[in-house]
Amino acid sequence: VKIGQAQFDKLAQMLADFCPPGMLRLVDIEIFLGPNPHADFAALRGLIETSRALPPKRRVLDRLHQDFPRLFPHSGGDKSDGPCDAATVAALIAKLAGALLTEKITVDFRFDSSAEDGSRASFLIEFLTHTSSLQAAATALILIGERLAVPEAAGEAIGTYMPLLDKACAQCRPNNESSALIAAARRQDLPYLQIGQDIALWQIGWGVRSEQYWVSASNVDGVVARRLSFNKATTKQLCRQLGLPTPDWRLLDAADELPRVASTIGWPCVVKPADRGGGVGVSADIRDIATLERAVSLARGHSRRVLIEAHEPGDDYRLMVVDGRLAMAIRLDPPHIIGDGERTVGELVAALNDAREGGETYLLPVPVDDMMLTTLNSQAVDLATILPEGKAVKLRTNSNHATGGTITDVIDTVHPQVRRLAEQLTAAMGFRVAGIDYVTRDIRRSHDEVGGGIIEVNTTAGFEVVIKAQIVPETLAEVVIGDRPGRVPVALLIAPSESQAEIGDVLRDRLPRGWAAAGDWARMGPIDLPASKLDHFGRAQALLRYPGVERLLLLWNLDSLYEFGLPADSLARTVILGEAPKADWLGLLERRSARLDRVGVAAEAAAMLLEAGE
Amino acid sequence: MKVEPTVFDQIARFLARSLPEGSLRLETLEIFSGPTPNAAVPTLQFQVATDPGFHHSNIVGRLAASFPKIFPAEPDSNVLVGAEALAALTARMAARLLDQRWALGLQWGAAPSGDGALGWFEYLVEPVGYQALTAALLAVGTALGDEGDPAAASRSQRTSLEHGLDHAGPDLSSQLLIGAARRRDVPAMMITRNPTMWQFGWGKHSERFWFTASNGDGMVGNRIALDKEVSKRVFRQLGIPTPRSQIIRPGEDHRAAANSVGWPCVVKPATPGKGAGVTIAIDDAATLDRAVGLARKHGNILSIEAHHPGDDHRLLVIDGTLVAAVRKRIATVVGDGKRSLDQLLAALNRQRSGPPRASGFLRPIQDDDALAAVFSRQEVTKATIPEPGRKVRVATTGSWWRGGTGTDVFEKVHPQVRLLAEQIAGVLKLRVAAIDYVTRDIGASIDETEGMFLEAHTVPAIELFLSAGVDEQHIADRLLGPKPARIPVTLLIAPDELHEKLTNELRQRLPETAGLATPEAMQIGSFSVPESRLPPHARVTGALRYATIERLIVLWRPEDVVTYGLPVDALDSAIVLGPPLPDEWAMAVDRHAREVRSCADPDEAVEVSLGTAASA
């Protein structure tokens, strides 16, 4: 697909603002939505031309290292001396664009470059969505151009173009869990499609073998399960009916007299909104009426439904169950500091947060706020206290990762009774994937021995952070995807325009139930889909989204092939009627098709496509 | 089991206060969670008494006069009545009071017992059961005396019962599901205390419902359906025609948005709100401004979409198949040249007052800003007296929530429209989906009429289909679906002294897919359920809530059976170890078990329990 002429001119002009066209010029940009002769994946390809002596590579690399130490961890050094040429520039553009996208969209973007004729070279970056890829290409092009033009000065383009790229990427960046799933899908060579341009909605697999995910939930997770987990009081009631342990609780009426309720629940207690997640409005370890009153008004700020719950002594665990089996178990500890006999609490907190802000750790900084001060206060210290060596002080009463808690993998030590409790509860609610919050003094021992209680059940299991932190293996995301997703066979027939009507008639006439076919039209089994504004590629993708499709037949011509790239990254069969594609495209079709035939007769071509069970 | 003393005292004292001395007294009140010697279902069972000589010769006639629907006149209604008849009249009235709302055919009965008589009725939901009983006792007690009108005497109790039914009883869709389950002999139990959430079937064959939604509806599809903008983008990705649309956030220019989606247009709150705040067919800027103001009362974020001419339709797809289709119509009143719109509306709303069945499943029209707006667009006010035959719209859309009505068009739906509705439900993985479609002709293809799909709903307004005359049982059976069913339950009755040994044996040898419930313990496969606070009958229902078990063994003492009733209403087999049950209970077990065996040896009983379970 070519981008519009106006857009291209604008891009070329922006580049010229930072780098003389005599030095670096953008010749062409095209986008392939499917595999193409240049890449086995959807890609944006830019062609550049350099026509004047360029600065030494070393100086450009030094500059990039200075500007983007994380993306270019090494300076120019001695080895890369000599002037830049078109191929080097294209490689730098590709690397910068790919690295920026990888960082901002949190999916590994592939990139490549190659020398073309004369002083031309091309760069290639993987394509996910239109805006982000184009913006990344533009940004990389301009930044590299600027550094070629003025290698010694800090550039201005970063300040102008990075925010634009951030904005374009923010709109299509999968949320954390989705990006872990996409990474797993890529490792397993499974196709994925974004649903409704929503950052948390993704389809993995095609047709009958597709599954949709919203964060970590799929459609195997039921609506009633979500309803049961949404309100913590409902979850707790269900636990009681199932004979599963959960701390005593009361839903607070406006009229409830707090001291009386508190005395039936007992001290210390916890107050939380019944139907909000992420630790919002939760106060733990409440030990007196004044604190309780504040906690209740805090919680009421978030929901009408507020519950008071007995404090369950022990550590917080997150037990994630997938397909009826415990798949992850982690302990979450509240953030804490340990005294060294010299520094104050304030200094220790600052040191902790400095380390966490460095970006090398998955742990989040702990905000210094009222909640921290109250927590410190309850341990009889404040920010100015100098802690004796070895003395541990909690900075939060809760261990939410979002407010700085730490995480430890405990899957190998979970007691079988606790494991089954989590697995059975998940099944009883109707979840395929759930994250259960469980408190116990010792996860290695049974509930019968040490007690413990279920606090709540989360629909978003929260596995992505622990995968990124390498606390649990990244294969966990593959477990979440499961066995169901896969490809359905896609067969492609490339035919000249004059044969399309005849072949179309045959395909439509004889299309079996469960099969879909598309050309300038689309049909599922015996019924036509309505006309739509979709192009050839969009129509192919649309049919791969229908869950009833067992097999897809596509009737294309050479123009659509050259325009879009292959309609799918793997073809069960390709049939070419008449004129052969260009050599590089033919080579691509041979590589990507399980079987390729060339025929001369339209009827024969159609019959081949309709043959079942290759 | 005796009910909580507070419950009993409350009812008994209320009666003593309201009825003349010596009239009807409540002697006992028991609740059974399973069949009893008297009833095949869970019942409230009560004993009533009256002072000798305190009776009215025409009690049945007096009741029939007050409650003609509950007590249709019978030829022998003037007979002198005894305690048994009083119990029967009370039980019948309590059951019918509940059934006027539910239409489930609840069971009731009575029998002599000692000096007085026992009555029982199926209660389904505990709190409303007590309310129904109280109202029935009051009415019968009043009819028993010479003074007072049974209807008037029980009115406030019947009103409380109506409130109770509104809030603590199953909603209409749950009633439909319960009805379908009863027809198919599928057990139903409430999930938690929310009467809109029910579990049908047991263990592995159970399905949980919330209104008409079940776990067969996917969470992702539900998420998509709830977000109308994402839904439309999904439709476009699928090549399914849907109107151009845009979101209007606070501060954004809604006229520019209208120009971009095109005129005429529709404005509504972005979050679905039961048809509130929707204005359709907006074709000028002034109407648009008013429409935005109206919609903003229901949400800050609005959606504007192109208005396509044609009728709104709602297509109901269940388990991948189109089950019903209605054309929605905006509620109207027709002028008679005499009454004002206010009066016409009041007359319409009188027909539509009361619970769903009584109002033809239609909603009353609300007198609010939306009504004022729709009147103003038609240049009328509430005081206007429309000329005879003039139709005046009383809502902005055909939404059922806004009083809209429906016409059944199922037979006419074009195959292409049907296919796409079914595919949308399939893409969203919704077992039950209601899909909104606009077309000038439901019988023509989408291409011919430029029909447009608007949105999908996880929970359809089922009343819309019923009000259009779609068969209630047909829809209910499809909603319940094929999944819910029983699992085999084996009851082992053994004396207390053998329980420890039997429990240990059974626990150790329990297959992974079987459950065990005893008065003290619950075991699901190899999972020993930790909680120790549940009473024996709650352990049985608790175990049946576990989705992994394919069979259940219940080990009870004879006294547990007598206290709680049989643990479930249908037993695959019953094994009696040791002394037999009291005769009437032994007969009840006989009636409800497919097979009954007596055993003398505990080891043999264990083998039979596990063996029966294994072969089932």
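The values are calculated or read from the model by the stated rules, or taken from the named source; none is laboratory data. Computed from a predicted structure; not experimentally measured. In this analysis, Cβ positions are derived from the backbone assuming ideal geometry, glycine residues included, and neighbour counts consider all displayed protein chains.
Answer yes if at least one residue in the range B:351-358 is aliphatic (A, V, I, L, M) and either outside any strand (DSSP E or B) or at pLDDT below 95 (or both), and no otherwise. Checked the range B:351-358: at least one residue is aliphatic (A, V, I, L, M) and either outside any strand (DSSP E or B) or at pLDDT below 95 (or both). Counting only residues that are farther than 17 Å from B:Glu207 by Cα, touching a residue at least 24 places away in the same chain (Cβ under 8 Å) and touching a Leu at 6+ places or on another chain (Cβ under 9 Å), the range B:528-551 holds 1 of them.
Restricting the range A:525-542 to residues that are within 8 Å of another protein chain (Cβ to nearest Cβ), of a type outside the set (D, E, K, R) and under 16 Å from A:Leu507 (Cα atoms), which is surrounded by the fewest Cβ atoms within 10 Å (Cβ to Cβ)? Applying the filter and picking the extreme gives A:Ile527. A:Ala522 satisfies every condition listed in (1) touching a Phe, Trp or Tyr at 6+ places or on another chain (Cβ under 7 Å); (2) within 14 Å of another protein chain (Cβ to nearest Cβ); (3) of a type in the set (Gly, Ala, Ser) except (1). Between A:Gln197, A:Gln203, the distinction of being within 14 Å of chain B (Cβ to nearest Cβ) and at pLDDT below 90 belongs to A:Gln197 only. If the condition is being surrounded by 15 or more Cβ atoms within 10 Å (Cβ to Cβ) and aliphatic (A, V, I, L, M), then the range B:347-362 contributes B:Leu348, B:Leu362. Would a scan of the range B:503-526 turn up a residue that is modelled with pLDDT of 95 or more, of a type in the set (Gly, Ala, Ser), surrounded by 20 or more Cβ atoms within 10 Å (Cβ to Cβ) and under 28 Å from B:Glu30 (Cβ atoms)? Yes, because at least one residue in the range B:503-526 is modelled with pLDDT of 95 or more, of a type in the set (Gly, Ala, Ser), surrounded by 20 or more Cβ atoms within 10 Å (Cβ to Cβ) and under 28 Å from B:Glu30 (Cβ atoms). Residues in the range B:571-583 that are touching a Leu at 6+ places or on another chain (Cβ under 9 Å), farther than 27 Å from B:Ser526 by Cβ and outside any loop (DSSP other than H, G, I, E, B): B:Val576 only. For the range A:551-561, enumerate the residues that are in contact with a Pro (Cβ under 8 Å, 6 or more places away or on another chain) and either surrounded by fewer than 19 Cβ atoms within 10 Å (Cβ to Cβ) or at the interface with another protein chain (Cβ under 7 Å from one of its Cβ atoms) (or both). Residue satisfying the conditions is A:Leu558 alone. Only one of the numbered conditions (1) more than 9 Å from chain A (Cβ to nearest Cβ); (2) buried (at least 21 other Cβ atoms within 10 Å of the Cβ); (3) in contact (Cβ under 8 Å) with a residue 40 or more places away in the chain; (4) not in a loop (DSSP other than H, G, I, E, B) is violated by B:Val234, and that is (1). Based on this model, can you work out whether A:Leu238 counts as within 15 Å of A:Gly453 (Cα to Cα), of a type outside the set (Val, Ile, Thr) and within 14 Å of chain B (Cβ to nearest Cβ)? Yes.
Quick check on this structure: which one of B:Leu534, B:Leu577 is more than 8 Å from every other protein chain (Cβ to nearest Cβ) and either within 19 Å of B:His499 (Cα to Cα) or touching a helix residue (DSSP H, G or I) at 6+ places or on another chain (Cβ under 6 Å) (or both)? Within the list B:Leu534, B:Leu577, the selection yields B:Leu577. A:Glu389 meets all of the listed conditions (1) among the acidic types (Asp, Glu); (2) out of contact with any helix residue (DSSP H, G or I) (no Cβ under 9 Å at 6 or more places or on another chain); (3) within 30 Å of A:Arg187 (Cβ to Cβ) but one, namely (3). Screening the range B:402-414 for residues that are in a loop (DSSP other than H, G, I, E, B) and over 30 Å from B:Leu345 (Cα atoms) and picking the one that is nearest to the other protein chains (Cβ to nearest Cβ) gives B:His414. One residue alone among A:Ala16, A:Ala6 is in contact with a helix residue (DSSP H, G or I) (Cβ under 9 Å, 6 or more places away or on another chain) and either farther than 20 Å from A:Gly118 by Cα or crowded, with 19+ Cβ neighbours inside 10 Å (or both), and that residue is A:Ala16. Looking only at residues of the range A:421-455 that are crowded, with 20+ Cβ neighbours inside 10 Å and on the phi > 0 side of the Ramachandran plot, we find that the one that is nearest to the other protein chains (Cβ to nearest Cβ) is A:Gly430. Of all the numbered requirements in (1) farther than 21 Å from A:Asp248 by Cβ; (2) outside any helix (DSSP H, G or I); (3) modelled with pLDDT under 90, A:Asp285 misses one, and that requirement is (1).
B:Gln508 fulfils the conditions (1) more than 14 Å from every other protein chain (Cβ to nearest Cβ); (2) within 29 Å of the chain's Cα centre (by Cα) except for a single criterion, (2). The residue list B:Val470, B:Val380, B:Val459, B:Val417 contains one member that is within 13 Å of another protein chain (Cβ to nearest Cβ) and in a loop (DSSP other than H, G, I, E, B), which is B:Val459. Using the structure shown, decide if A:Thr475 is of a type in the set (Ser, Thr, Tyr) and either modelled with pLDDT under 95 or within 19 Å of A:Asn175 (Cβ to Cβ) (or both). It is true that A:Thr475 is of a type in the set (Ser, Thr, Tyr) and either modelled with pLDDT under 95 or within 19 Å of A:Asn175 (Cβ to Cβ) (or both).
Conditions (1) under 30 Å from A:Leu307 (Cα atoms); (2) touching a strand residue (DSSP E or B) at 6+ places or on another chain (Cβ under 9 Å); (3) of a type in the set (A, V, I, L, M, F, W, C), marked per residue:
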{"site": "A:Ile436", "(1), (2), (3)": "yes, yes, yes"}
{"site": "A:Arg441", "(1), (2), (3)": "yes, yes, no"}
{"site": "A:Thr460", "(1), (2), (3)": "yes, yes, no"}
{"site": "A:Phe463", "(1), (2), (3)": "yes, yes, yes"}
{"site": "A:Ala491", "(1), (2), (3)": "no, yes, yes"}
{"site": "A:Gly514", "(1), (2), (3)": "no, yes, no"}
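When the strands (runs of 3 or more DSSP E) confined to the range A:167-280 are screened for residues that are under 25 Å from A:Arg300 (Cα atoms), those reaching at least 2 such residues are found at A:249-252, A:269-273. Scanning the range A:201-217 for residues that are surrounded by 24 or more Cβ atoms within 10 Å (Cβ to Cβ) and of a type in the set (Gly, Ala, Ser) gives A:Ser210, A:Ser216, A:Ala217.
Would you mind finding the one in B:Val606, B:Val568, B:Val562 that is β-branched (Val, Ile, Thr), closer than 24 Å to B:Ser526 by Cβ and either touching a His at 6+ places or on another chain (Cβ under 6 Å) or assigned to a helix (DSSP H, G or I) (or both)? Among B:Val606, B:Val568, B:Val562, only B:Val606 is β-branched (Val, Ile, Thr), closer than 24 Å to B:Ser526 by Cβ and either touching a His at 6+ places or on another chain (Cβ under 6 Å) or assigned to a helix (DSSP H, G or I) (or both). Across the range A:451-478, the number of residues qualifying as farther than 15 Å from A:Val321 by Cβ and part of a loop (DSSP other than H, G, I, E, B) comes to 7. Taken over the range B:425-444, residues that are β-branched (Val, Ile, Thr), outside any loop (DSSP other than H, G, I, E, B) and away from chain A (no Cβ under 14 Å) amount to 1.
Against the numbered list (1) crowded, with 19+ Cβ neighbours inside 10 Å; (2) closer than 30 Å to B:Ala547 by Cα; (3) charged (D, E, K, R), A:Arg173 comes up short only at (2).
Could you please give the count of residues in the range B:473-486 that are buried (at least 22 other Cβ atoms within 10 Å of the Cβ) and assigned to a loop (DSSP other than H, G, I, E, B)? Count: 1.
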